[in-house]
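The values are calculated or read from the model by the stated rules, or taken from the named source; none is laboratory data. Not measured: the values here are computed from a predicted model. As a convention, Cβ positions derive from the backbone with ideal geometry for all residues, glycine included, and neighbour counts pool all protein chains shown.
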Amino acid sequence: MGIFELIFIAPLRFLMNLVFQGTTSLTDNVGISIIVLSLVVNTALLPLYYLAEKWQDTERRLQRTLAPRLAAIKEACKGEDRYKKTVELYREFNYHPIKSLRTSFGFLIQIPFFFAAYTLLSHNPILESVSFLFFENLGRPDAVFKFASLSVNVLPVIMTLLNILSSLVYARDFGVGERVKLLIVAAVFLLLLYNAASGLVLYWTTSNFYSLVKNLIHSFIQNGNS
């Protein structure tokens, strides 16, 4: 990950650390600083999220238009003739299948921020032995519930529930396949972060809450306009 780390992650981590350290100096509260950091990052990303949603909406509308005509071509033509008709249809709409990748932009822009947050907060000595709310140590998994030798981390579950709720609001008009993909992403994040430092999970829980509120506002505005 050398070049990717150097070009994308390291600069983001540096800027995120400036916000984190600055907020910690002002508030003298590491937990609040993590929440503020997450809010600042997500607010800074709003223009990119808006662009991603605009591209996704454009792609979905176009696919709904193309679908019946592609189905007709598939039924009526075979072999090279089907290929030519499909290319002609794409040319008519100034479209190329590679443009479908733009629907992944919203997910792709999160990747460098995930690694930047992970490397900043997962093993940060500032979090060690620091308590916040009902979390005894932000540098360790929260282990809120303990049963003999078994401990249950609550914050990753809350993070995942918020992620699922946000996805359901965001994907209300999506097809089943797209909804399943979002749920799979939520499950992957749960697996990756279940045993992570609670400070890192607090960052992503705040991020998911922010996304839920953003999606609810966006849904409300859309319903009002319609």
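The one condition from (1) in contact with a strand residue (DSSP E or B) (Cβ under 7 Å, 6 or more places away or on another chain); (2) of a type outside the set (Lys, Arg); (3) without any contact (Cβ under 8 Å) to a residue 24 or more places away in the chain; (4) under 25 Å from Thr27 (Cα atoms) that Glu136 does not meet is (1). Given the structure, is Thr103 surrounded by 17 or more Cβ atoms within 10 Å (Cβ to Cβ), of a type in the set (Ser, Thr, Tyr) and modelled with pLDDT of 85 or more? Taking the combined requirement at face value, the residue does not satisfy it. Applying the condition of being surrounded by 15 or more Cβ atoms within 10 Å (Cβ to Cβ) and hydroxyl-bearing (Ser, Thr, Tyr) to region 145-196 and asking which residue is farthest from Glu59 (Cα to Cα) yields Tyr194.
Does region 69-81 include one or more residues that are acidic (Asp, Glu), on the phi < 0 side of the Ramachandran plot and in contact (Cβ under 8 Å) with a residue 12 or more places away in the chain? Walk me through it before giving the result.
Step one: filter region 69-81 for residues acidic (Asp, Glu), giving 75, 80-81.
Retained after the next criterion (residues that are on the phi < 0 side of the Ramachandran plot): 75, 80-81.
From what is left, the residues that are in contact (Cβ under 8 Å) with a residue 12 or more places away in the chain are none.
No: region 69-81 contains no residue that is acidic (Asp, Glu), on the phi < 0 side of the Ramachandran plot and in contact (Cβ under 8 Å) with a residue 12 or more places away in the chain.
Only a single item in (1) in a loop (DSSP other than H, G, I, E, B); (2) surrounded by fewer than 16 Cβ atoms within 10 Å (Cβ to Cβ); (3) among the acidic types (Asp, Glu) is not met by Asp142, and it is number (2).
Residues that are exposed (fewer than 12 other Cβ atoms within 10 Å of the Cβ) and among the basic types (Lys, Arg) were ranked within region 74-100; the one that is nearest to Asp142 (Cα to Cα) is Arg91.
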